[in-house]
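**Student:** What follows is a single structure, and I will ask about it in a moment.
Just so it is clear, none of the values below were taken in a lab; they were calculated from the coordinates. On a predicted model such as this, the values are computed, not experimentally measured, just so you know. Cβ atoms come from the backbone with ideal geometry, glycine included; neighbour counts cover every protein chain shown.
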């Protein structure tokens, strides 16, 4: 029983890490621009596809393909901000919402056109499995978990310890006051989209290496990402981290101990229960 | 000199007229394909649509369909039903109402196919179902519907007998059990297992989008089963096999996935697959294929620059069935006569799958065809055909007739 | 140092500042006084680039900064301590102060941080607390200190006493006097005209978007109209 709980927790950690990375991107974008960036999942999966393409068609080693994909993700994020969201920044929120939906369909379509309908798995060649007591962990999962922790830590450091990071927080908390501090509020959204998309691409690569990318997978992740935001508390960084981890592990434990048929349902039930007790989310500021 | 040129010109003119009149005798028969060309079901649907097109080209090149003194060249319109019931209904309505199509082929996926089957009985059209495995599609005895692929539980029955013979007592199932025909397959397996006192101790579910099966497998691991049975689409099933190994589960693995080597190796290493059984309709397998099958594989690969999926001949065979039936009925317009002729047909010589006739006919009274089932095992990077599964088409056909 | 000429500010179709001109010389403390809605705050916001200038010009140290973007104006040396404090509520006191120095790249930022906390000991006490958890008076001190962290050449204060208890108001003005004594050029908008005139060197009286009177603070303070309307005598 103990081994099972431990194993299920470890099972849920990897996917939880993916949720956290997706949610961090969503929460940053939401915090700065108030946009529900639905296309984030599809864009993230594009990064996974790109890595797959670089590895299988261009013959690059995975470790070389990943940085290229992350940089490409950053650039893609800039483009999305400039081309898709900037024109509607001062318009009604419904406009940005519709842009987000349209962008989702567009990116899904592009993914399908470029990479086809068959699921793809990024080949890593990592198939070793570690055993500790009764608990088993594939090495790839360990790397994914470590990479997620490193990326989250890097993001936290960036936001807490650099001027640009602090400016991002400042704009999210009080846009006018941030202007008075000399923050260029035109460049902050660019940086935010660049970084968020990079994080998303990292998540896409993890999904592609650990599981598979196929049409529709990205949309599933963005729904989970928003669930994490709400669970953790809108706009809260630690909330997204805690929420993603909790959701991943809850899903795993729910599937293992209650019913795999209702895995997703149970995860959302837990979310609703949390919100009944804490409407602002686990770590959200109280209204 | 002048004369010879003139003669030559006349000859050419005469040739042209002759050719034109030969063209005039050729008529066009437009057939429809409704299948999943995009989305999750496209793995099955797209190769089916390709297979129909290939069969049409072959038949046209060989002279077309001959009805009395007329020769029909086949024209194919394919619509994407995205494996979705609503889309499929729309696609078929469009084919019948707008394009005036009378013969509709394809149909890889159960949900969309069932939706069309529910109204096709009222139409002046003939529906030929391919890879869709849901049993109820042929339990209603719809006179203008036939299916080339046997229902999943026909195979399940054979698989259950096979697993029972291996002597496992406690078997854990993990699969896409929210899909009707996969559940039916497992029910059939369970019936056979019970006959020898074995049991299914767990039925874990994964959905079409699940790729992380470790929670389900961890639960199964704690139950200590003698074997696991994996039923579901290859995209998900491949992860079950891989993650079972990663979780250190060293027990016999049986499956019903029909995935190709290529599809599995995208997800797993060959070592992770070693020893896995796939208990499924024999379908297109080069090791057990007929001459037709080998030629089909070669032609398809050449034409589409990709290997055909093992289930794609279900659709290829549909068109040869249709051709034989139209020629036997002597009409392209009377769909009732053509539907009747299909039911009366012996197995046409050009088909790729290895059908088991019932009372000498390709389709039984339910409009259902039966192929042999095989036990395939993954050995050193390849699916190897090991043996035929013990399947009894006649007995199953009678069982199917009792359902509705 | 700062010169406004025929400045007009409008929110959409509604003009709220109807062509005003004013000057602030280096080292001077100038107060804008007048009733609520007279256009004082709008004038400050227009200087800082928070609201667009309709027509007229803003000159700072001889450079035209009319309608420059907000961050460019800060870099030019103008910092505003906004109405209602506007601290970053989730960020700590220290982080708020460091945000004040956002445009600076010099090495003295840490030293300035120390100086600010010497000046406002309460901020040192609360340095790791979220700014949103501070009391109104503490937040005002934080906002002032944050503005000073930019090392501005001119500091604009928008209603620093608004919504604070009288005792706190007094200490806010003590602080402003202290800052003035340090030689900082100050442009102050304040409804508490008495306090403002006590602090300022010169003052402008706003009425309905226009400047109706200007002069040395002492003169305005003793002007009968001002006394009657704004000083409550």
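**Student:** How much of the pair distance distribution for chain A lies past 36 Å, counting alpha-carbon pairs only, in percent? Kindly include the intermediate steps, with their values, before the conclusion.
**Tutor:** Working: 5598 of 41041 pairs.
Distances greater than 36 Å cover 14 percent of the Cα pairs.
**Student:** Other chains' Cβ within 10 Å of C:86-92 residues: what's the mean? Could the numbers behind the result be given before it?
**Tutor:** Details: counts 8, 3, 10, 3, 9, 7, 1.
If you average over the peptide's residues, the count of other-chain Cβ atoms is 6.
**Student:** When ranked by the protection proxy of mean other Cβ atoms within 10 Å per residue, highest first, what sequence do the peptides A:183-193, A:53-63 form?
**Tutor:** A:183-193, A:53-63
**Student:** Which value, in Å³ per residue, describes the convex hull spanned by the Cα atoms of the protein assembly as shown?
**Tutor:** So the per-residue hull volume is 249 Å³.
**Student:** Quick check on the range B:71-183: take the gyration tensor over C-alpha atoms, sort the square-rooted eigenvalues as a ≥ b ≥ c, and tell me if it's rounded (a/c under 1.5), prolate or oblate.
**Tutor:** Here the range B:71-183 falls in the prolate category.
**Student:** Starting from the 7 Å offset along Cα-to-Cβ, what nm value, one decimal, do you get for the label separation of residue B:274 and residue C:208?
**Tutor:** In this crude spin-label approximation the distance works out to 9.5 nm.
**Student:** Going by alpha carbons, how many degrees (0 to 90, nearest 10) lie between the helix axis of B:42-61 and the longest principal axis of chain B?
**Tutor:** For helix B:42-61, the angle is close to 30 degrees.
**Student:** Over the Cα atoms of chain B, Rg to Rh with Kirkwood Rh, two decimal places?
**Tutor:** Radius of gyration over Kirkwood radius for chain B works out to 1.05.
**Student:** Name the residue, out of A:12, A:225, A:248, whose mean-square fluctuation peaks in a Gaussian network model built on chain A with Cα pairs under 10 Å.
**Tutor:** Between A:12, A:225, A:248, it is A:12 that shows the largest mean-square fluctuation.
**Student:** Mind jotting down the distance between the C-alpha centroids of the range A:107-172 and the range B:258-336, whole Å?
**Tutor:** The distance from the Cα centre of the range B:258-336 to that of the range A:107-172 comes to 39 Å.
**Student:** Still on this structure, please answer the following. Listing B:31, A:15 from the residue with the fewest other Cβ atoms within 10 Å to the one with the most, what is the order?
**Tutor:** With the fewest neighbours first, B:31, A:15 line up as B:31, A:15.
**Student:** Using the C-alpha gyration tensor of chain C, what are the square roots of 5 times its eigenvalues, in whole angstrom, with the largest one first?
**Tutor:** In descending order, the three semi-axes are 28, 21, 16 Å.
**Student:** Ranked by Cβ crowding within 10 angstrom, fewest neighbours first, how are B:35, A:264 ordered?
**Tutor:** Details: B:35 35, A:264 18.
Fewest to most other Cβ atoms nearby, the residues stand as A:264, B:35.
**Student:** For the range A:135-240, what is Rg from Cα atoms divided by 2.2 N^0.38 Å, rounded to two decimals?
**Tutor:** Here the Cα radius of gyration is 1.25 times the empirical estimate.
**Student:** Taking other Cβ within 10 Å of each residue's Cβ, how do C:174, C:214 sort, fewest first?
**Tutor:** C:174, C:214
**Student:** How big is the range C:99-206 by Rg and Dmax over its Cα atoms, in Å?
**Tutor:** For the range C:99-206, the Cα-based Rg and Dmax read 14.1, 41 Å.
**Student:** Cut-off 10 angstrom, C-alpha nodes, Gaussian network model of chain B. Which of B:140, B:94, B:166 fluctuates the most?
**Tutor:** Comparing B:140, B:94, B:166 in a Gaussian network model of chain B, the most mobile one is B:166.
**Student:** Next up: Only bridges with both residues in chain B count here: give the DSSP antiparallel percent, nearest 5.
**Tutor:** Antiparallel bridges: around 30 percent, rounded to the nearest 5.
**Student:** Could you tell me how many degrees, from 0 to 90 and to the nearest 10, lie between the Cα long axis of helix B:2-25 and the main elongation axis, the longest principal axis, of the Cα atoms of chain B?
**Tutor:** Helix B:2-25 sits at roughly 50 degrees to that axis.
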